[in-house]
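Below is one structure, written out as structure tokens; the observations come after it.
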Amino acid sequence: MKTRKPTTSAARGSSSSSPPSQTLPLFSNMPRKSSLFKHTLIATVFFILAIYAFFSTFFHTPLPPSDSDSDSSSSLLDLGGVSSQENSIPFPEKVKVFMYDLPHKFTYGIIQQHSLARGGSPVPDITTLNYPGHQHMHEWFLFSDLARPQSNRLGSPVAKVTDPEEADLFYVPAFSSLSLIVNAGRPPGSASAYSDEEMQEQLAEWLTGQEYWKRNNGWDHVIIAGDPNALYRVVDRIKSAVLLVSDFGRLRPDQGSLVKDVVIPYSHRISTYTGDFGVKDRTILLFFMGNRYRKEGGKIRDLLFQILENEEDVVIKHGTQSRENRRAASRGMHTSKFCLNPAGDTPSACRLFDSIVSLCVPVIVSDSIELPFEDIIDYKKFSVFVETTTALKPGYLVSLLRKVPEQKIIEYQKAMKEVKRYYDYTHPNGTVNEIWRQVSQKLPLIKLMINRDKRLVKRELSEPNCSCLCSNQTGITNSLG
């Protein structure tokens, strides 16, 4: 097969029958035409895309968004102030609470009995009586809050309803803590015929007979039992309810837990400190005033007395509840850097909350203590925690506290001031609102337990089946180390 060789212009020379001018333009114009074609094609594509974009923008009707997209798209529009639908952002409704109108013998009747036991006279209308001041006044403040019209409760995390059919939760406002002390401290023979035990039995009988208790076995009920001994005789009959408690010192694991119940603060009995931050006027290193002799975990108090009572910059005094002792305690806490908070008969005591409003750094020596509102409050920011056996080592506690620099104490004081409203039952956005917020967060669990109860079969258990929270068991020596 022969291969044809290309003829070059040099080979053909001038004798070629076809002049070069007829061949060269053919090859020289091809790149120019190709480039022009490409430019035309690109321009055409861009023109088509521009037309598509124009029609898509101004004439396209979008399809309705899917369920998964509608919430996010409407939220974005609302946040930008573009949406014409005012209610397109779904706000969760407040939990609705119905407060039982209890027979007066469980509320105002107890106030009257407390007054009569102290020499008071009967009054025609017991609803005019004032609740006596004491460390468990939380039951009065919650009762008073729900007794107000809903129009006066607009800042509350829960909504009060007067129709039980509308309610998510049912509040039982019995004054169980006041009932405990009706006859407390009375000289022999001077006590009234009032019986707290009888009140408990009558309350449990009345409550468990109510239609709305029986409907869900009490899971959707809220009962305050602030004093660790409140309702102790009947707690097994009402333990399905959300219990508002100061601690779990008197409750078994199947009766109360952090999962089901709410820890609430004592009502502080010490005047709030209004001075400046600093240690200039706080000449006492460590202060304690309270009952030296307690039972169970509170036995540590006597041991701490023995260790600390001879320290030169420590004030530790035995004292019981009285007006004069409260004044003395206020002066002591307001002039001390640290305030000792050992366990009492149960892990908690009102002294912790007195310390906070006094801006006196709490030194907590109570290994089993549970604290209120720990989902939003970090107690280590303003408290010193010391493990019990470590605190009982001679010289350890005061040596630890003396090493804390002044600036650190001021940081503790500032942190206490930031959170002290949470321990003020009279603050418009204080303890009462926070308790209701905590209670409202229990509603999903309550609904779970209600539905779970409906399908469970009877079981024979070797030990109680409870909802509990397994906390860290490793432990600490102190929170400063």
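The values are calculated or read from the model by the stated rules, or taken from the named source; none is laboratory data. These numbers come from a predicted model, not from an experiment. Cβ placement follows ideal geometry from the backbone for every residue including glycine, while neighbour counts extend to all protein chains displayed. Note: areas computed on protein heavy atoms with side chains; ligands, DNA, RNA excluded. Shrake-Rupley method; radii C 1.70, N 1.55, O 1.52, S 1.80 Å.
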Pull up all non-local amide H partners of Lys160: gap of 5 or more, or a different chain, and H-to-H distance under 5 Å with H placed in the peptide plane.
-> Val97
Once all protein chains are kept in place, His104 shows an accessible area at probe 1.4 Å, nearest 10 Å², of 90 Å²
At 10 °C and 1.306 mPa s, what whole-number value in µm²/s does Stokes-Einstein give for the translational diffusion of region 284-421, with Rh from the Kirkwood sum over Cα pairs?
-> 106 µm²/s
Heavy-atom accessible surface of region 138-263: percent carbon and sulfur, 1.4 Å = 51 percent
Kindly count the pairs of lysines across region 284-421 whose alpha carbons are less than 15 Å apart, treating pairs on different chains or eight or more residues apart as eligible.
-> 13
Taking all protein chains as present, what is the carbon and sulfur share of the accessible area of region 284-421, in % to the nearest whole number, probe 1.4 Å?
-> 48 percent
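In region 218-287, what trypsin sites (Lys or Arg not before Pro) fall in a loop by DSSP, with at most 11 other Cβ atoms inside 10 Å?
Within region 218-287, the qualifying trypsin sites (Lys or Arg not before Pro) (loop, at most 11 other Cβ atoms within 10 Å) are Lys280.
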Sorted by chain and number, the residues with a modelled amide H under 5 Å from that of Cys339, at a separation of 5 or more or across chains, are Phe287, Val361, Val363
According to a simple spin-label model (label point 7 Å from Cα along Cα-to-Cβ), what is the distance in nm between Ser192 and Asp254?
-> 3.7 nm
Theoretical gain in end-to-end length, Lys414 to Arg118 [0.36 nm per residue, Cα-Cα removed] | 102.4 nm
Taking only the alpha carbons of region 221-265, the radius of gyration and the largest Cα-Cα distance, Dmax, both in angstrom, are 8.9, 25
Treat every Asp and Glu Cβ in region 106-184 as -1 and every Lys and Arg Cβ as +1, leave all other atoms uncharged, and give the resulting dipole magnitude about the Cα centre to the nearest 20 debye.
-> 360 debye
Between Asp375 and Arg421, the two model label points (7 Å from Cα along the beta-carbon direction) sit apart by a distance in nm of 1.9 nm
Which ³J(HN,Hα) values in Hz, rounded to whole numbers, follow from the phi angles of region 230-236 under the Karplus curve 6.51 cos²θ - 1.76 cosθ + 1.60, where θ = phi - 60° and Gly and Pro get x?
-> 5, 6, 4, 6, 10, 4, 5
For region 284-421, what is the accessible area per residue in Å², given a 1.4 Å probe and the full set of protein chains?
-> 44 Å²
Antiparallel bridge percentage (DSSP; both residues within region 284-421; nearest 5) = 0 percent
Which order, highest average first, do 428-436, 335-343 follow once you tally other Cβ atoms within 10 Å for each residue and take the mean per peptide?
-> 335-343, 428-436
